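Report on the structure given below.
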Amino acid sequence: MLILGLESSCDETAAAVVRDGRSVLSNVIASQYDLHAEYGGVVPEIASRAHVERVLPVVRKAVAEAGVALKDIEGIAVGHRPGLIGSLLVGVAAAKGLAWSLGVPLVGVDHVQAHLYSGLLHEGAGDAAGLRRGADELFPALGLVVSGGHTAMFRCDDALRVTRLGSTIDDAVGEAYDKVAMLLGLGHPGGPRVDALAQRGDEARHEFPKSRLSPESLDFSFSGLKTAVLYCVRGFPGRDGRWPERGSPLTEREQADIAASFQRAAVGVIVLKVERALLRLRQEGVRAKSLLVGGGVSANSRLRVDLARFADDFQLKLVVPPMEYCMDNAAMIAGLGWERLSVGDRDDLTLAAEPTTGV
Ligand code: KG4
Ligand code: ZN
């Protein structure tokens, strides 16, 4: 079954054609990075307008690159939550128009849940029956989404039945990466730059806090870590609230040590919480067979190595997305949409865009 997926929750306009939920025939992403760069963050109105301009060209490109025609598409999946409401509305309206005009079913997909699905995707043709059988080896699973907007863990009974175990109470981990990059003057995109710099630094140079919260907590907090990096870079503000005079700029060596120490704390606390969650599930009689990881930060080199070691120690199959499916994309939307359609689920033209996640 050929599904066209649409994604427009933030600042990427994306469309993808996916066969049988796993085989990605095309994955087109139009980034709006240049439009927002001068404002230091995504401006919602600019994002919505850019989605309007790009959505149909991106769909046409995805269909052409897949080597199919629009009339071959058998279902339309759209990320309808969570995200910037104006941005989501554009994707949802386009998806409704396409589904209606092609006479094919429409399914709305939760973007956060779709990130968990991205590790199941692969490029090119695949054997659908084999992939379905493969699913038995994955579920129940423990899910981890680490991105610029979300940091959360889930119990996944299957691709569709997902229950949240914990999430961040303040910043998302990707947001912390981006802010640390800004403090170190690395610019955008922050996460990959901090990751690259950290590889040249001494991670034991600074002891940054790992926020465990209460001993049982499965939630995350990254704002304390971010503030610790701020004080390390700029010194402590005085009683009058003034920052100390800036001395000479950080050397590249100092920057690298800060990046490495930050990364050790950020990744360390994620692995610690994943272990807690796994043990909690085991106490509840759920033996997770795999760890499904998704979101932009799943591209992080240190996180990938540490989670691989963790999965090995706990005899879990680790499912991390290929690099091209870590960041926001529409292939994951089409994949999860196919799962919904496969069990007879579909939405009608009243499908609403929603700012918050449903998982
Ligand atoms: O999933 P995504 O594209 O968007 C959201 O749904 O938020 O994730 C983007 C986030 C950004 O914060 C970016 O800095 C971070 O993922 N990121 C990384 C790396 N690559 C991207 N963070 C750490 N290390 C990386 N290699
Ligand atoms: Zn995302």
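Which of (1) over 29 Å from Glu12 (Cβ atoms); (2) touching a residue at least 12 places away in the same chain (Cβ under 8 Å); (3) in contact with a Lys or Arg (Cβ under 8 Å, 6 or more places away or on another chain) does Trp243 not meet, given it meets every other one?
(2)
How many residues are more than 13 Å from ligand 1 (Cβ to nearest atom) and open to solvent by 10 Å² or more (accessible area, probe 1.4 Å) when one looks only at segment 289-300?
1
State all residues of segment 134-149 that are part of a loop (DSSP other than H, G, I, E, B), within 10 Å of ligand 2 (Cβ to nearest atom) and either open to solvent by less than 20 Å² (accessible area, probe 1.4 Å) or not assigned by TED's automatic domain parsing to the domain that holds Val293 (or both); if no residue qualifies, say none.
Of everything in segment 134-149, just one residue is part of a loop (DSSP other than H, G, I, E, B), within 10 Å of ligand 2 (Cβ to nearest atom) and either open to solvent by less than 20 Å² (accessible area, probe 1.4 Å) or not assigned by TED's automatic domain parsing to the domain that holds Val293 (or both), namely Ser147.
For segment 189-224, what are the residues that are more than 16 Å from ligand 2 (Cβ to nearest atom), closer than 19 Å to Leu250 by Cα, under 24 Å from the mean Cα position of the chain (by Cα) and not charged (D, E, K, R)?
Once the filter is applied, which keeps residues that are more than 16 Å from ligand 2 (Cβ to nearest atom), closer than 19 Å to Leu250 by Cα, under 24 Å from the mean Cα position of the chain (by Cα) and not charged (D, E, K, R), segment 189-224 yields Val194, Ala196, Leu197, Ala198, Gln199.
Among the numbered criteria (1) within 16 Å of ligand 1 (Cβ to nearest atom); (2) surrounded by fewer than 21 Cβ atoms within 10 Å (Cβ to Cβ), which single criterion is violated by Leu303?
(2)
Residue by residue through segment 28-39, note down the ones that are open to solvent by 40 Å² or more (accessible area, probe 1.4 Å) and in contact (Cβ under 8 Å) with a residue 40 or more places away in the chain.
Ile29, Tyr33, Ala37
Could you please find all residues in segment 306-359 being away from ligand 2 (no atom under 16 Å from the Cβ) and acidic (Asp, Glu)?
Those that are away from ligand 2 (no atom under 16 Å from the Cβ) and acidic (Asp, Glu): Asp306, Asp312, Asp313, Glu339, Asp345, Asp347, Asp348.
Which numbered condition trips up Val17, out of (1) in contact with a helix residue (DSSP H, G or I) (Cβ under 9 Å, 6 or more places away or on another chain); (2) open to solvent by 40 Å² or more (accessible area, probe 1.4 Å); (3) in contact (Cβ under 8 Å) with a residue 12 or more places away in the chain?
(2)
Of (1) away from ligand 1 (no atom under 16 Å from the Cβ); (2) part of a loop (DSSP other than H, G, I, E, B); (3) exposed (fewer than 14 other Cβ atoms within 10 Å of the Cβ), Thr356 satisfies all except one. Which?
Failed condition: (1).
Could you check, for segment 311-329, whether at least one of its residues is small (Gly, Ala, Ser), surrounded by fewer than 16 Cβ atoms within 10 Å (Cβ to Cβ) and not assigned by TED's automatic domain parsing to the domain that holds Ser8?
No, segment 311-329 contains no residue that is small (Gly, Ala, Ser), surrounded by fewer than 16 Cβ atoms within 10 Å (Cβ to Cβ) and not assigned by TED's automatic domain parsing to the domain that holds Ser8.
Does segment 268-290 contain any residue that is modelled with pLDDT of 95 or more and farther than 20 Å from Cys156 by Cα?
Checking segment 268-290: at least one residue is modelled with pLDDT of 95 or more and farther than 20 Å from Cys156 by Cα.
Go through (1) over 23 Å from Ala331 (Cβ atoms); (2) touching a Phe, Trp or Tyr at 6+ places or on another chain (Cβ under 7 Å); (3) part of a helix (DSSP H, G or I) and name the single condition Arg164 misses.
Of the numbered conditions (1) over 23 Å from Ala331 (Cβ atoms); (2) touching a Phe, Trp or Tyr at 6+ places or on another chain (Cβ under 7 Å); (3) part of a helix (DSSP H, G or I), the odd one out for Arg164 is (3).
Kindly indicate whether any position in segment 208-229 is touching a strand residue (DSSP E or B) at 6+ places or on another chain (Cβ under 9 Å), acidic (Asp, Glu) and under 25 Å from Glu275 (Cβ atoms).
Yes.
Write out, first by first residue and then by second, each pair whose Cβ atoms fall under 6 Å of each other, whose residues are 6+ apart or on separate chains, and whose first residue, in segment 83-110, is hydroxyl-bearing (Ser, Thr, Tyr) while the second is part of a helix (DSSP H, G or I) and open to solvent by 20 Å² or more (accessible area, probe 1.4 Å).
Ser87/Ser48
Can you pull out every residue in segment 1-14 that is open to solvent by 10 Å² or more (accessible area, probe 1.4 Å) and touching a Phe, Trp or Tyr at 6+ places or on another chain (Cβ under 8 Å)?
Met1, Asp11
Search segment 292-305 for residues being farther than 13 Å from Ile270 by Cα and among the aliphatic types (A, V, I, L, M), and hand back the single one that is farthest from ligand 2 (Cβ to nearest atom).
Top of the filtered list is Leu292.
Mind listing whichever residues of segment 167-225 are more than 15 Å from ligand 1 (Cβ to nearest atom), among the hydrophobic types (A, V, I, L, M, F, W, C) and either free of Cβ contacts under 8 Å to residues at least 40 places away in the same chain or open to solvent by 50 Å² or more (accessible area, probe 1.4 Å) (or both)?
Ile169, Ala204, Leu213
Could you list, in sequence order, the residues of segment 64-97 that are open to solvent by 10 Å² or more (accessible area, probe 1.4 Å) and β-branched (Val, Ile, Thr)?
Val68, Ile85, Val90, listed by residue number.
Filter segment 256-287 for residues that are under 22 Å from Gly134 (Cβ atoms) and open to solvent by 10 Å² or more (accessible area, probe 1.4 Å); which is nearest to ligand 2 (Cβ to nearest atom)?
Val286
Out of curiosity, is Gly143 modelled with pLDDT under 95 and within 16 Å of ligand 1 (Cβ to nearest atom)?
No: the conditions fail for Gly143.
The values are calculated or read from the model by the stated rules, or taken from the named source; none is laboratory data. Just so we're clear, the structure is a prediction, and the values are computed from it rather than from any experiment. For neighbour counting, all protein chains shown are included, and Cβ atoms are generated from backbone atoms with ideal geometry for every residue, glycine included. With ligands, DNA and RNA removed, areas are computed over all heavy atoms of the protein, side chains included. Shrake-Rupley method; radii C 1.70, N 1.55, O 1.52, S 1.80 Å.
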